Amino acid sequence: MEDVATLLDRFGMSEYTDRFLAEGFDAWDVVRDITEADLAFLGVGLAHRRRLQQEILAVWKPRSPRCPSSRKAEHSPSVKKRIYRRYPRADSQAPVRPFSAYLLFANNIRKNCESPQLSFSERAKYIRKRWRSLGKREMDCWLSQVVTQKEHYTHEVHKWVIMSNKPLRCHQERTIVVSFSRSAKKVV
């Protein structure tokens, strides 16, 4: 295979040869895996980037991390693809976590909106200002609602675990108890 300098000269991009070599793109196998960010860093113009990408595609098929090339598969038959696991889907029968005190307060304000002409951001600022100006008695009212909802939630979670025959993992149980106890501390 030709070296990078002659290939860049053949593509009409010889002005980039020094930059490529200075940054370590001295072998054509390395240039084949060059990214858009690398080309931008090297100062390669947009039209030249596209031209170089087209030349790379014309000479080699791109290596895909998802499917090994046929050449690799011939030499090592035990090549395993990495399996990407997505987050597991939530159970539709699982109980819904309760809202925080702030969200309960904000939903109540939105429901009883005094000024519907406010934009979304103005309404959020208005709700935040009202939340910060709440007295201790009003704050305790919202926090007590959260405590009762979390008690109900923990009860529902334990019922759901029994009904679905799924083991309650240790960290789930701890999260429920800790989040419940934090809210309870605020009310007391």
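Side notes on the structure shown:
- Filtered by the rule that a residue be open to solvent by less than 30 Å² (accessible area, probe 1.4 Å) and under 16 Å from ARG50 (Cβ atoms), region 8-32 gives LEU8, PHE11, MET13, TYR16, VAL31.
- Of all residue pairs spaced 6 or more apart or on separate chains, those with beta-carbon atoms under 7 Å, a first member in region 8-30 that is basic (Lys, Arg) and a second member that is surrounded by 14 or more Cβ atoms within 10 Å (Cβ to Cβ) are ARG19/LEU42.
- Of note, VAL79 does not satisfy the criterion of being modelled with pLDDT of 85 or more and loosely packed, with under 14 Cβ neighbours inside 10 Å.
- Meets criteria (among the aromatic types (Phe, Trp, Tyr) and at pLDDT below 70) for TRP28: no
- Of residues in region 82-102 being open to solvent by 70 Å² or more (accessible area, probe 1.4 Å) and more than 23 Å from the chain's Cα centre (by Cα), the one modelled with the lowest pLDDT: GLN93
- Single residue of region 33-44 satisfying the filter (surrounded by 13 or more Cβ atoms within 10 Å (Cβ to Cβ) and in contact (Cβ under 8 Å) with a residue 24 or more places away in the chain) that is nearest to the chain's Cα centre (by Cα): LEU42
- Filter pass, SER121 being among the small types (Gly, Ala, Ser), touching a residue at least 24 places away in the same chain (Cβ under 8 Å) and in a helix (DSSP H, G or I): no
- Close pairs (7 angstrom Cβ cut-off, 6 or more residues apart or separate chains): under 17 Å from ARG110 (Cα atoms) in region 129-151, modelled with pLDDT under 95 and of a type in the set (Val, Ile, Thr) anywhere: ARG130/ILE109
The values are calculated or read from the model by the stated rules, or taken from the named source; none is laboratory data. If you're wondering where the values come from, they're calculated on a predicted model, not measured in any experiment. Neighbour counts are summed over all protein chains in view; Cβ atoms, including those assigned to glycine, are modelled from backbone coordinates with ideal geometry. Heavy atoms of the whole protein, side chains included, go into the accessibility calculation; ligands, DNA and RNA do not. Shrake-Rupley method; radii C 1.70, N 1.55, O 1.52, S 1.80 Å.
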